[in-house]
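Some notes on the structure that comes next.
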Amino acid sequence: MKDFRSYIQYLRDRDDVIDIEDEVSPIIEIGKIEKSYNTKKTIFFKKIKGYDMQVIANIFFKRENIAEAIGTTKENIKNKIIEAVNNPLNTVKAKNAPVQEIVVIEDNINPLKFLPIPKHYIKDDGRYITAGVILAKDPETGVRNISFARMMVNEGNKINIMINKERHLLRYFNKAEKLNKPLEVAIIFGAHPAVWFEGAMPDGLVNDDMDEMNIAAALIGEPLGIVKGKTVDLEYPADAEIVIEGRMINNIREEEGPFGDYSGIYDNPPRENPVIEISAVVMRKDAIYHDLLPHTFEHFYLGGIPRETDLLKRVRFAIPTVKDIHLTTGGCSRFHAVVKIGKKTESEPNHVIFATLFPTESARDIKVVVVVDEDIDIYNSFDVEWAIATRVQWDRDIIVVDKMRGLLDPSAKSNTPQTIIDRGEILTSKIGIDATIPFEKPQWYGLYERVGFE
Ligand SMILES: Cc1cc2nc3c(=O)[nH]c(=O)nc-3n(C[C@H](O)[C@H](O)[C@H](O)COP(=O)(O)O)c2cc1C
Ligand SMILES: [Mn+2]
């Protein structure tokens with residue numbers, strides 16, 4: 001896979017793409033159609049009302065698509081990510097830069113004039129960029145970060161960006177503010193899908209001193225071709241579709257939200273968030289706009305698979321008999337973890353529960369950990385529930401832990417009304433379920449024997 005376009009062609013060749021020929025409005029209509037193909041197809045919108053530009057969405061609607069974008073199989077995806085993090089590659093100056101075929105630099109650029117940025121859900125605060133990834137450099141070290149954040153685009157050249165406290169991007173911006181310098185950013189659409197996926201890597205899996213462009217190159221499997229920005233000191237993928245160049249302005253915060261978010265609820269109440277001032281928009285002549293509908297399986301996989309990888313690495317380090325971890329889509333790939341172990345001693349399930357809940361960015365929102373034996377398919381919710389039904393006694397097989405840190409779950413409690421607004425300490429309780437067969441009475445084993453034909 002060479003770039004974004006060859007990836008789309010690859011999806012087309014195996015009939016993973018549906019073309020929408022009818023004219024579609026970027027306001028609400030587009031989101032409704034995206035929702036209807038949630039787990040089914042990549043969607044190519046050919047005619048967008050009021051725009052010349054076409055739109056693609058839902059490219060990662062199944063796990064295989066992510067695996068193939070980074071040159072591996074669904075089964076090996078976590079190993080491939082760990083390998084890339086441990087063995088970054090590099091970037092090189094590209095020979096040509098299709099992304100800069102068109103360059104728009106003007107006063108008060110309004111991207112809504114040419115980019116069909118959607119309003120997805122009815123109560124969203126406005127029109128949001130959801131699939132652009134943000135490239136920035138650490139103002140002190142120059143290390144490059146790629147990340148996702150929702151960005152609301154108003155008329156004019158200002159964008160409101162929502163960044164949580166744990167984010168590398170916010171650390172960079174805080175450093176820049178201390179140095180009295182704006183933080184330059186490049187918002188990238190339609191780079192190689194491995195670059196897109198890398199943008200979803202959370203703190204802990206990737207540390208803020210690791211260069212994420214080099215990790216993206218390792219996921220692609222070859223050096224990543226880059227070109228220097230027209231108005232910023234940043235080099236972005238030369239084969240991308242569109243890039244918005246700009247800077248995060250010091251000491252300004254503006255109200256943003258509500259926004260229909262990851263967990264399928266509106267992120268409310270509105271909060272004060274940083275502002276990006278746009279300095280240029282560059283694009284291909286026939287650029288395709290890339291969109292993502294929040295609270296779809298694509299969103300879950302992007303958020304969940306890097307976190308599963310981080311958790312697997314950490315939990316297996318503590319308890320080597322751990323085989324795999326799944327963050328289930330029913331729990332938005334964030335709230336419910338299922339861990340498969342090849343249990344050797346009776347203490348392991350409880351150790352696994354505590355190790356999985358160890359409070360890192362990847363574990364922060366987990367509320368349920370189910371530990372199962374090796375015969376259970378952790379990607380099959382029927383099988384997991386069957387293990388719970390036939391192997392759990394609720395008076396002995398659960399652990400409840402109170403006063404842990406949460407964030408995305410609306411039922412989590414805040415200490416004060418202000419903590420909801422400033423995203424301070426939001427508390428949640430968590431449960432661990434040991435759904436493994438107990439060792440204590442070996443003579444019971446016959447009780448747990450599965451039916452079969454051999
Ligand atoms: C589609 C998508 C949208 C996201 N939106 C936001 C967001 O609006 N704000 C935020 O803080 N994190 C958001 N995240 C999570 C982080 O951006 C993501 O974990 C990222 O890797 C963190 O990057 P950083 O720590 O390098 O800044 C989003 C993730 C995905 C996949
Ligand atoms: Mn990062």
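Below is a table of values for the structure above.
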item: Matching entry among Lys46, Lys62, Lys2 (being within 25 Å of Thr329 (Cα to Cα) and charged (D, E, K, R)); result: Lys62
item: Total residues in region 195-219, condition away from ligand 1 (no atom under 14 Å from the Cβ) and within 23 Å of Leu311 (Cβ to Cβ); result: 1
item: Search result, residues across region 269-283 that are within 14 Å of ligand 1 (Cβ to nearest atom) and more than 19 Å from Val185 (Cβ to Cβ); result: Pro270, Arg271
item: Those residues of region 141-152 which are within 12 Å of ligand 2 (Cβ to nearest atom) and in a loop (DSSP other than H, G, I, E, B), in sequence order; result: Val143, Ala149
item: Where a residue in region 194-215 is under 18 Å from Tyr172 (Cα atoms) and its partner, wherever it lies, is within 10 Å of ligand 1 (Cβ to nearest atom) and small (Gly, Ala, Ser), with Cβ under 6 Å and at least six apart; result: Gly199/Ser147; Pro202/Ser362; Gly204/Ser362
item: Top-ranked residue in region 250-283 [being touching a residue at least 12 places away in the same chain (Cβ under 8 Å) and of a type in the set (S, T, N, Q); ranked as nearest to Lys123 (Cα to Cα)]; result: Ser263
item: When residues of region 240-257 are limited to those that are part of a strand (DSSP E or B) and acidic (Asp, Glu), the one surrounded by the most Cβ atoms within 10 Å (Cβ to Cβ); result: Glu245
item: Residue in region 176-185 that is touching a helix residue (DSSP H, G or I) at 6+ places or on another chain (Cβ under 7 Å) and assigned to a strand (DSSP E or B) present; result: yes
item: Matching residues, region 153-171, being within 10 Å of ligand 1 (Cβ to nearest atom) and in a strand (DSSP E or B); result: Ile161
item: Test: residue in region 119-138 that is assigned to a loop (DSSP other than H, G, I, E, B), surrounded by fewer than 19 Cβ atoms within 10 Å (Cβ to Cβ), in contact with a helix residue (DSSP H, G or I) (Cβ under 9 Å, 6 or more places away or on another chain) and acidic (Asp, Glu); result: yes
item: Filter result for Gly199 (within 9 Å of ligand 2 (Cβ to nearest atom), in contact with a Ser or Thr (Cβ under 6 Å, 6 or more places away or on another chain) and not polar (S, T, N, Q)); result: yes
item: Residue in region 65-79 that is among the hydrophobic types (A, V, I, L, M, F, W, C) and within 12 Å of ligand 1 (Cβ to nearest atom) present; result: yes
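Any read-out appearing in this document is the output of simple, stated calculations on the displayed coordinates, not a laboratory observation. This one's a predicted model, so the numbers in the text were calculated from it and none came from an experiment. Note: ideal-geometry Cβ built from the backbone for every residue, glycine included; neighbour counts use all protein chains shown.
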